[in-house]
Amino acid sequence: MRVELAARRQNVLGEGPLWDPSAGRVYWVDIRSKRIEWIEPKSGAGGAYDLTVRPSALALRRSGGLLVAADHCVGTLDLSSGAFEPRVTFECDKPRNRTNDGRMGADGRFWFGTMDDDAEAGQGALYALSVDWRLSVKREGVGIPNGIVSTPDGSCVYVADSLDQVIWSHSLRRGGLSAPSLFFSAKGEVFTPDGAALDEQGFLWSVQWDGACILRLSPEGAVEQKIDMPVSRPTACVFGGSALTTLYVTSARDGLSAEQLDREPLAGSVFSIEVDAAGVRYPPFAA
């Protein structure tokens with residue numbers, strides 16, 4: 001599968017890609033730069049929103065605009081004015097913590113995680129935000145939560161802990177999570193699971209930080225396919241395009257040495273890959 005350059009950027013920590021089918025846009029964040037960017041692949045148009053907080057995860061809202069997880073809050077972004085309004089706050093007693101990965105679930109809730117910005121173990125948590133703006137903690141003691149993806153029937157939620165180099169699966173019953181079950185492990189490898197997306201066949205496309213690749217994992221957690229990337233730190237992916245068969249992949253320059261950046265001139269860019277599978281459609285946030 002051919003990896004194409006969708007947007008040449010120098011994002012410090014590009015993350016959280018989101019496909020908007022009505023606008024034909026890809027949104028994503030640069031956490032370190034406190035910025036949300038977007039492109040329209042067909043027209044070539046693009047733009048950005050600069051915030052005063054560090055955005056890390058996005059979702060579409062049914063009423064328009066975006067839901068944004070950032071630092072110690074989840075809020076709404078008005079796409080016309082660029083105004084960001086915090087709606088729910090949390091973990092204000094943990095000043096070093098911030099939000100990380102997140103995505104809409106099949107159950108209509110916005111799932112996201114938090115982490116210590118210096119990656120101290122066990123300081124993060126997994127949350128679910130309901131449409132009535134009620135926030136509930138679903139798991140505590142997480143290191144770096146990533147790849148938060150639910151199955152289309154809402155029966156299972158995948159969560160990677162990049163600090164431990166593993167992906168966990170949880171059964172979802174009556175709104176709560178079961179104990180974690182090991183789905184995939186990269187322990188002992190130089191790479192670690194980061195963001196992820198699920199296709200209609202139930203395969204998880206897991207982006208590998210420091211692995212310069214994307215792994216397509218079977219429902220049993222076996223590696224079925226590997227796509228090599230031109231950057232060592234791809235971060236997250238989302239299915240987009242009219243048929244949801246284009247995989248958009250963000251990447252980072254964060255932590256790379258000058259020598260590494262010389263070898264990776266596209267680090268921090270966004271890429272696209274036409275794949276032989278269609279992604280799962282998730283509902284917008286209804287509030």
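The values are calculated or read from the model by the stated rules, or taken from the named source; none is laboratory data. From a predicted model like this one, the values you see are computed outputs, not experimental measurements. Counting neighbours? That spans all protein chains shown, and the Cβs are built from the backbone with ideal geometry, glycine included.
Would you point out which residue out of Ser242, Ser251 is more than 28 Å from Lys138 (Cβ to Cβ) and part of a loop (DSSP other than H, G, I, E, B)?
That would be Ser242, the only listed residue that is more than 28 Å from Lys138 (Cβ to Cβ) and part of a loop (DSSP other than H, G, I, E, B).
Taking segment 218-260 only, how many residues are buried (at least 24 other Cβ atoms within 10 Å of the Cβ) and hydroxyl-bearing (Ser, Thr, Tyr)?
Of the residues in that region, 4 qualify.
When you go through (1) buried (at least 18 other Cβ atoms within 10 Å of the Cβ); (2) of a type outside the set (Val, Ile, Thr); (3) touching a Leu at 6+ places or on another chain (Cβ under 6 Å) one by one for Gly75, which number turns out not to apply?
Going through (1) buried (at least 18 other Cβ atoms within 10 Å of the Cβ); (2) of a type outside the set (Val, Ile, Thr); (3) touching a Leu at 6+ places or on another chain (Cβ under 6 Å) one by one, Gly75 breaks only (3).
Looking at Leu163, Leu172, which one is over 26 Å from Val3 (Cα atoms), modelled with pLDDT under 95 and surrounded by 15 or more Cβ atoms within 10 Å (Cβ to Cβ)?
Testing whether each residue is over 26 Å from Val3 (Cα atoms), modelled with pLDDT under 95 and surrounded by 15 or more Cβ atoms within 10 Å (Cβ to Cβ) leaves just Leu172.
What about Asp132, is it surrounded by fewer than 20 Cβ atoms within 10 Å (Cβ to Cβ), of a type in the set (Asp, Glu), farther than 21 Å from Pro219 by Cβ and in contact (Cβ under 8 Å) with a residue 12 or more places away in the chain?
Spelling it out, Asp132 is indeed surrounded by fewer than 20 Cβ atoms within 10 Å (Cβ to Cβ), of a type in the set (Asp, Glu), farther than 21 Å from Pro219 by Cβ and in contact (Cβ under 8 Å) with a residue 12 or more places away in the chain.
With the condition kept exactly as written, say whether any residue in segment 199-210 is in a loop (DSSP other than H, G, I, E, B) and of a type in the set (A, V, I, L, M).
No, segment 199-210 contains no residue that is in a loop (DSSP other than H, G, I, E, B) and of a type in the set (A, V, I, L, M).
Please verify whether segment 33-41 includes one or more residues that are in a strand (DSSP E or B) and of a type in the set (Ser, Thr, Tyr).
Checking segment 33-41: not a single residue is in a strand (DSSP E or B) and of a type in the set (Ser, Thr, Tyr).
Pick out the one residue from Gly154, Gly113 that is at pLDDT below 95 and either in contact with a Leu (Cβ under 7 Å, 6 or more places away or on another chain) or of a type in the set (Val, Ile, Thr) (or both).
Gly154
Tell me the residue from Ile273, Ile214, Ile227 that is in contact with a strand residue (DSSP E or B) (Cβ under 7 Å, 6 or more places away or on another chain), outside any loop (DSSP other than H, G, I, E, B), β-branched (Val, Ile, Thr) and over 18 Å from Gly14 (Cα atoms), please.
The unique qualifying residue is Ile227.
Do we find a residue being polar (S, T, N, Q), out of contact with any helix residue (DSSP H, G or I) (no Cβ under 9 Å at 6 or more places or on another chain) and either at pLDDT 95 or above or not in a loop (DSSP other than H, G, I, E, B) (or both) anywhere in segment 123-131?
yes
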